[in-house]
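Everything on this sheet refers to the single structure shown next.
Read the figures in this text as sums done on the coordinates, not as results from a lab. Keep in mind that what you see is a predicted model, and the values were worked out from it rather than measured. Positions of Cβ are generated from backbone atoms using ideal geometry, with glycine treated the same way; all protein chains shown enter the neighbour counts.
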Amino acid sequence: SNAADKPISIGGSLPLTGKFAETAKWIEKGMKFWAEEINAKSGLLGRKVVFKIYDDQSNAGKAVTFAEKAITVDKVDLLFGGYPGTAARAVMPVAEKHKFVYVSMGGHMKSFQQGYTYSFGGPPLMGEWWYEGFYQWLKSLPAYQRPKRAAVYTMNNPIGTSLMDSINRMSEDLGIELVINEKYNLPLPDATPFIVKAKQMNCDLLFSNGFFADGVMTIRAAKALNYNPKAIVQGVGSIIPAWVKELGEDGNYVFSGTVLHYKLAYPGNDKLNAYVKEKYNLPGYPLYFGFGYAWMQTLSQGVEGANSLNQTKIRDWLKSNTVQTIAGPLIFDEKGLPEPVNFCTQVIDGKVELTYPKKVRTTKPVYPKPAWK
Amino acid sequence: MVTPDSKSRRLVFWVLVLFIALAVFPWLGIPVYFVSLLFTVFLYVILATSWNIIGGFAGYLSFGHVAFFGIGAYTTAMMINGFDLSPLLTIVSSIPAGVVSALIAVIVGYPCLKLRGPYFAVITLCFAFVVDLGVKNLDILGGPEGLWLKSMDLPIDIIRAIFFEVMMLIMIFSIALGIWTSNSKFGAGLRAIKEDEEVAQTIAINAPKLKIEAFALSAFFPGMAGGVYAYYLTYIHTDIVFDMMISILIVLMALFGGGGTWLGPVIGAVVLTLINEGLSTFVRAEFARIVYGCLFIGVIIFMPNGIIEFFKRAKGVPPG
Amino acid sequence: MNTVLVVRSLISGIMMGSVYALLGVGFSLTWGVMKVINISHATFGLLGAFIAYTLLHAWSLDPILSLALSAPLLFFLACLIYRFIIVPITKAKEVIVASMIVTFGIAIILENVMLLIWSPDPRLLTTSYTSKVLILGPLYFQYPRLAGFLMSLAGVLVIHFFLKKTYMGKAVRAAWQQPDAAQLYGVNLQRISMITFGLAISSAGAGGVAMAFLYAFEPHTHNLWLIYLFLVVIVGGVGNVLGTALAGLIIGVITGLSFAFLPYQWVNLLTFGLLMVILVFRPQGLFQSEV
Amino acid sequence: MLKGTNITKCFGGLTALSEVNFEVSQGEIVGLIGPNGSGKTTLFNVISGLHKNDSGEITFEGQRITGLPPHKIARLGIGRTFQIVRPLMDLDLIQNVAIAVLYGREEINTPRLARDRAEEILNFTGLASKADHLPGELALEDRKRLEVARALACRPEIILLDEVFSGLNRKEIEGAIHLTFRIRDEYGVTVFMIEHVMKAIMGTCSRVMALHNGVKIADGDPEDVANNPEVIKAYLGAAYAER
Amino acid sequence: MLSVNDVIVLYQKLRALQGVSLEVGEGDLVALIGSNGAGKTTLINTISGLIPAGGGAIMWQGTPIGGLSPDQICREGIIQVPEGRKLFSQMTVEENLEMGAYLPVARSQAEESRQMVFEIFPRLAERRCQTARTLSGGEQQMVAVARAIMARPKLLMLDEPSLGLSPIAAAEIFKTIEELNNRGITVLLVSQEVLQTLTIAKYGYVLENGKVTFSGPAKELLDDPRVKESYLGL
Ligand SMILES: Nc1ncnc2c1ncn2[C@@H]1O[C@H](COP(=O)(O)OP(=O)(O)OP(=O)(O)O)[C@@H](O)[C@H]1O
Ligand SMILES: Nc1ncnc2c1ncn2[C@@H]1O[C@H](COP(=O)(O)OP(=O)(O)OP(=O)(O)O)[C@@H](O)[C@H]1O
Ligand SMILES: [Mg+2]
Ligand SMILES: [Mg+2]
């Protein structure tokens, strides 16, 4: 019939300009790569896919109206997931009301506790899980090697708060004392005081739970003041390509976590890496490129599994089946979340390496961190 | 022959027709997006029109007006969550939001309105940051996490339609306030203050009092609108309702249309909101933004005193 | 009391504030002297930073030296903008208002042009001295900050000297206080305004480089910078160049001290709050407005 | 009705007014003369509340007004004009005056009635034909008249005129003298005026005060003041005295 | 030296000058009188280039200067003391004077000019560091005249220079003008002090409603019954 020839349209918005443009552009690229690939094959349900992507100008309110525009005016067949967490938090209830499956990073744990049934973190960017892997690895060390005193600096926003969750939970478990535990508001004017204080208090573990800009300032201050803790953990700033590209050697040895990594052995990762290598000359795909791709994988498997574009059917299929993504197999619970994942990463020689757990590890972690040059 | 009286009667007639048409709009089965879009337009009309009372008429450029919007949003959210109010009481429960905003405006205005020109602009800017950061830092107000509100147990188009009507009502009141101001003793006093505050005082205008009244009035409707917006969004966060860009946009909208007239901000808000939205169909987001930027330049080069003034001149009506 | 923390925070804060001041003087100049609130001022600063970044990577040119290239370029750009955008709006009833709208447009355009050219990736200016430190006894001076501080010192003094001591600078002030009279005494209004605007934008370029020594930047970063700009300029008294410089230092001191004594969460709030208090008690800024 | 005792006002190191006493009674036209920079305008600024005096006290109809904000003083019935005219530039003449009517002591609260009243006052000051002009289009003398019209619109009991006669030629001064008398007689307003045009002073004032370096040096009958040697030396000049 | 031929100026609807002609010879002191709103200021501003002429020609030393910008006209040595003073209000007295001597010709003689000015207006010497805005009305007028002297004009046009001055200071100003004229500066003087003006002037023009109604040697004008009646109130 006619409808079957028409491409499947997938709509929504991304912050293509403004504050969050950098990340959004990678997500967009990941999504587009997925479409390219699926269109080169037989398409989705035998139909081509096309994107209708609006620019919400890094404004969560606009993200909401554009989601509605996609749903009610463009009458898209599928909704794609947005970024950042605040936008996802605002769009999730809208998707719910319109009964549209919404696969995205989510807005950390709190957003999945609101009882939405159409939202999936597939895979999610879950601050609460971010340091799980790092702590597991610490736990695997002999007690005397572990750091004892931590300095924690956290940006005061949803992602920062959710990062604190694992720190609070697991430091106590390992007997690590949070000697300094401070939040700061963005923009951070100066990181020098962070380091002066951490150094004075003899902290041997530094958490810098911030974005790129503030993360960089913290690291640079640490180098300038020659502060050498056993390990530096950097939340989400270090997972974008700019970290190694711009910071160079100074960016080495920071730990972080992830739910998705270009060196994971799951099928598909190699393909993405090859593509990114060729197109952007990067050693591996950037995290958000992977996210963009993986969310589409989840959504499309839901569609194929349900063999329908009926949103409720897609949802129900996703809730009762396993999807295979580049982040591994995902089984969603009633909240729309998969099992917690806990990989630990470390930047080594300008590459983000997987360092824990052992079964996925690509390199041994460098610990304690070598002194600044 | 058209007597001025029959002319104004005809105007009233068309305005009524317009409002009735708008009122039935969301019930016609039109895609919800358009309802939401108009809702946003109303929101900005309210913000720009209210800002105009202090900024346009009195010449006190408040760059922190988003604070009142946000305060309204948070007041409502706290009220709903605290007293477990039904979201159906939107309009009723947004009134206290407006009152709280206006009260805060009085308290803040008292010291701040002693400042003039750029100094006032910046102190209000600081005020908006202080409120924003204060809310972020206080966990009882949701802190960095923001607040979730209960959403109504109704189909989405009904929900959107309800918010639409409520926002429209607030808009009508705020425009009425604008019209009243431009024709009243109150507005005349504000104009004198804008021109020369010292002279205004020597003709017995109680400038400090008048300014505070204007500031409070201009905070009231944004507060209410913030309350409704909180319901509409069901999730609020300081980054959303205290967004500095809203502050700047309000100012630009009012001035772009023509500050100091009641119609200018309405036109500015409608035009800028719709154009910005229309540009979203551009393939490449950067180009859309560049066109948007050119719009500001183009319009002001040809109409340096705003759109309204330009058309008034063209029609030969003396300004003012 | 934790002396080391106080002293180091203070030094670091002061140097940071001085950089804001460098970015601010030009803004203060166009505002105070020309009645143009240039919302795109920081955007031009950012452009300077991007140019420095590009030259650093292409030719390993030191960012400070790159100013020799970017300053004339920005000057030229400013002249064009002055001629084709600012001149028409001087007819407006309220030039300040019109200028804000127009330059907001310029900022948006420039931001997105930079987005097209340089992509949204965040950048850092990393030079050989980025993480070098000058240690004088207990005092630490980070080189990039020191460089920013010195640039700021030079920039502020040059502009102050220009306005207060040179005939042309005085003509600039005169021209905008009383344009008719200035012309009647031989001042070529257009030329002088164009030069002022050009100078202001060039100084923004220098300010941008100094900021980039401290902070990561990407095409939207100017929005953040703009806010600090506003603060230093107002607190210093619009049009008052030395005032702007002192205000930068004061903001630096406030930040530095609050880092030393407060939970960090409250630092930004305290900065803005204190600025409000300062303004309430000194409604004309800390230092009188000059023009 | 208006009385000042020991008014002193300093600007930094400069004493603009020093221990000045004055009194103006109901229905009088009192002149205030003095060399440039002798403190005349400063005295008006202090009376109308724009400047705070450092010491001394001013009473109006027995009520103490020192320290009151300017709008309260205006409300009590003290109107003033500005030497360097300050019209509301963006508003046409009728609006300029109508605003003053609205906020003045006449309790006219509707803009339409205020316009009617304003028209009357513009007519009175001879500006009726330019009612819809902007102040920027007026020649200087008309702007001064606008100052007077705006001050009158508040319905003051006393009006402080700061050099509204300057820039008129001798013929025109006669018209202005006439206007001054009408202000007093038709509006019942007491007049306190600063003037350098001696012809106007001699022609209108029932009493004249002279300031010099912020000190009052003469007060009395215009003829006497004009012949006061100190006034001649500081203010009028020998040439004037000869004429 | 300066000749104005049939100049017309329009303000939107109003014809402020409707064909004004006037001659100022080298070294002359020419008076321009006329009632309130006659167009005197308009004429002066048109000569200075602040207002474009809607017709007619203005010649300076034989060359047309209509259409030049004010600063170019200033370079020709035509300087005016504007109505309403137009001081640089936030600058000090000293800086205002310096601005008067902005052009290179004047700048080279600035020091002497300053001496001269302070001699004429000793009050300004006392107030040299005060900002112009805070000066009294009369003091501001002195600065305006002094600033013009600093510019070393060839033709000095004064628009009501005695406005707001005390009688003694006004007399002083007229004496100064006469003296400047004696030193070789050509003067075009607009004043409502008709008697004093015509006493020192060589030649006079009467402007009414944008037209020259009388002109002639100052002495003759002084004796003209119509001038006596309308301007001297005799
Ligand atoms: N705001 C101020 N700051 C400093 N000095 C001032 C200020 N206002 C006035 N003065 C000085 O005070 C003195 C008195 O000024 P005032 O204006 O009262 O003189 P005036 O008698 O009105 O003179 P004129 O007849 O010239 O108008 C002058 O020397 C003036 O310079
Ligand atoms: N910018 C303007 N727009 C419109 N009309 C104007 C403008 N400036 C002056 N006029 C009008 O032009 C006429 C001549 O004004 P002008 O100032 O030249 O008179 P004048 O002879 O200098 O008078 P005065 O003695 O009052 O200074 C007046 O009627 C005045 O109202
Ligand atoms: Mg005076
Ligand atoms: Mg004149």
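Taking every alpha-carbon pair under 8 Å whose residues sit at least 6 apart, segment D:86-154 reaches a relative contact order of 46 percent. Full extension of the chain between D:Glu120 and D:Glu186 gives 22.5 nm of extra length, using 0.36 nm per residue less the Cα-Cα distance. Coordinate range of the alpha-carbon atoms in segment E:48-89 per principal axis, descending: 35, 22, 13 Å.
For C:Lys132, list the aspartates and glutamates whose Cα falls under 13 Å from its own Cα; do not include residues on the same chain fewer than 8 positions away. Reachable aspartates and glutamates: A:Asp250.
Counting Cβ atoms of other protein chains within 10 Å of each residue's Cβ and taking the mean over peptide C:257-268 gives 6. Pairs of Cα atoms under 8 Å, at least six residues apart: use those to get the relative contact order of segment C:3-281, whole percent. Averaging sequence separation for qualifying contacts and normalising by length gives 41 percent for segment C:3-281.
Rounded to the nearest 20 debye, the dipole size of chain C about its Cα centre is 520 debye, using +1 on the Cβ of Lys and Arg and -1 on the Cβ of Asp and Glu. Which translational diffusion coefficient, to the nearest whole µm²/s, is obtained for segment E:88-152 from the Stokes-Einstein equation, given a Kirkwood hydrodynamic radius over C-alpha pairs, 4 °C and 1.567 mPa s? In µm²/s, the coefficient is 115. Each residue of segment A:310-321 was assigned a 3J(HN,Hα) from its phi angle through the Karplus expression (A = 6.51, B = -1.76, C = 1.60, θ = phi - 60°), giving 5, 4, 5, 5, 4, 4, 5, 5, 4, 6, 10, 9 Hz with x at Gly and Pro. Report the percentage of all Cα-Cα pairs in the protein assembly as shown whose separation exceeds 54 Å, rounded to a whole percent. I get 34 percent for the Cα pairs in the protein assembly as shown exceeding 54 Å.
Among the listed pairs A:Lys69/A:Lys97; A:Lys263/A:Lys358; A:Lys19/A:Lys69; A:Lys6/A:Lys99, give every one whose C-alpha distance is greater than 18 Å. Beyond 18 Å: A:Lys19/A:Lys69; A:Lys6/A:Lys99.
By the gyration tensor of its Cα atoms, with a ≥ b ≥ c the square roots of the eigenvalues, what is the shape of segment B:175-215: rounded for a/c under 1.5, prolate for a/b over b/c, or oblate? Prolate, since a/c reaches 1.5 and a/b exceeds b/c. Each of E:Ser21 and C:Leu73 was given a label point 7 Å from its Cα along the Cα-to-Cβ line. The distance between the two points is 6.1 nm. Excluding same-chain neighbours fewer than eight residues apart, the aspartates and glutamates reachable from A:Lys277 by a Cα-Cα span under 19 Å are A:Glu22, A:Glu28, A:Glu36, A:Glu37, A:Glu246, A:Asp349, A:Glu353, C:Asp121. What does the convex hull of the alpha-carbon atoms of chain D project to on average, in nm²? Approximately 12.9 nm², given one-decimal rounding. Pair-distance distribution of segment A:160-317: all C-alpha pairs, bin width 5 Å, starting at 0; shares per bin in whole percent are 2, 8, 14, 16, 15, 13, 11, 9, 6, 4, 2, 1, 0. Each residue of segment B:202-209 is assigned a 3J(HN,Hα), and the resulting list reads 6, 9, 6, 8, 7, 4, x, 5 Hz, derived from the Karplus form 6.51 cos²θ - 1.76 cosθ + 1.60 (θ = phi - 60°), x at Gly and Pro. Scaled to the globular estimate 2.2 N^0.38 Å, the Cα spread of chain E, given as radius of gyration, is 0.98. In units of the compact-protein estimate 2.2 N^0.38 Å, segment C:3-281 shows a Cα radius of gyration of 1.00. Can you give the helix-only mean residue ellipticity at 222 nm for chain E, where every DSSP H stretch with n ≥ 4 adds -39500 (n - 2.57) and the sum goes over all residues, rounded to the nearest 500 deg cm²/dmol? Roughly -10500 deg cm²/dmol at 222 nm, from the helical runs in chain E.
In segment B:1-102, Cα pairs under 8 Å separated by at least six residues give a relative contact order of 18 percent. Phi angles across segment C:210-217 convert, under the Karplus curve 6.51 cos²θ - 1.76 cosθ + 1.60 with θ = phi - 60°, into 3J(HN,Hα) values of 4, 4, 5, 5, 9, 10, 5, 9 Hz, Gly and Pro given as x.
Both radii are taken from the alpha-carbon atoms of segment B:32-71; with Rh as the Kirkwood radius, Rg/Rh is 1.10. Only alpha carbons enter this Debye calculation for chain A, each as an equal point scatterer, and the log10 of I(q)/I(0) it gives at q = 0.06, 0.07, 0.11 Å⁻¹ is -0.22, -0.30, -0.74. Counting only other chain Cβ atoms within 10 Å of each residue's Cβ, the peptide B:59-71 averages 1.
Based on the alpha-carbon gyration tensor of segment D:86-154 and its eigenvalue square roots a ≥ b ≥ c, which shape applies: rounded if a/c is under 1.5, prolate if not and a/b is larger than b/c, or oblate?
prolate
Summarising the amide proton neighbourhood of D:Ile33: residues at separation of 5 or more, or on other chains, whose placed amide H is nearer than 5 Å comprise D:Met209, D:Ala210, D:Leu211.
The lysine pair tally for chain B, using Cα distances under 17 Å and a gap of 8 or more places or different chains, is 9. Along each principal axis, taking the top coordinate minus the bottom one, the Cα set of chain B gives 53, 48, 42 Å in descending order. Distances between placed amide hydrogens fall under 5 Å for E:Gln80 paired with E:Met157, all partners being 5 or more residues away or on another chain. Of the trypsin sites (Lys or Arg not before Pro) in segment D:20-80, the ones in a loop by DSSP (not H, G, I, E or B) with at most 11 other beta carbons within 10 Å are D:Lys52. Cross-linked pairs D:Lys40/E:Lys228; A:Lys199/A:Lys245; A:Lys75/A:Lys335; A:Lys279/A:Lys351; D:Lys130/E:Lys13: Cα-Cα separations exceed 21 Å for D:Lys40/E:Lys228; A:Lys199/A:Lys245; A:Lys75/A:Lys335.
Please work out whether segment A:147-207 counts as rounded, prolate or oblate from its C-alpha gyration tensor, where a ≥ b ≥ c are the square roots of the eigenvalues and a/c under 1.5 means rounded, while otherwise a/b larger than b/c means prolate and anything else oblate? Taking the square roots of the gyration eigenvalues as a ≥ b ≥ c, segment A:147-207 is oblate. Note on D:Asn21 and D:Lys52: with the Förster distance fixed at 25 Å, the Cβ-Cβ geometry gives a FRET efficiency of about 0.85.
With a 10 Å cut-off around each Cβ of A:51-60, the average count of Cβ atoms from other chains is 5.
For a quick check of your reading of the filter: which trypsin sites (Lys or Arg not before Pro) in segment A:1-80 sit in a DSSP loop and have no more than 12 other Cβ atoms within 10 Å? Here the sparse-neighbourhood loop sites are A:Lys41, A:Lys75.
Highest-first packing order for the peptide set D:203-209, B:281-287 is D:203-209, B:281-287, based on the mean count of other beta carbon atoms within 10 Å.
Counting charges near C:Met168 (Lys, Arg +1; Asp, Glu -1) among other residues having Cβ under 14 Å from its Cβ returns a value of +3.
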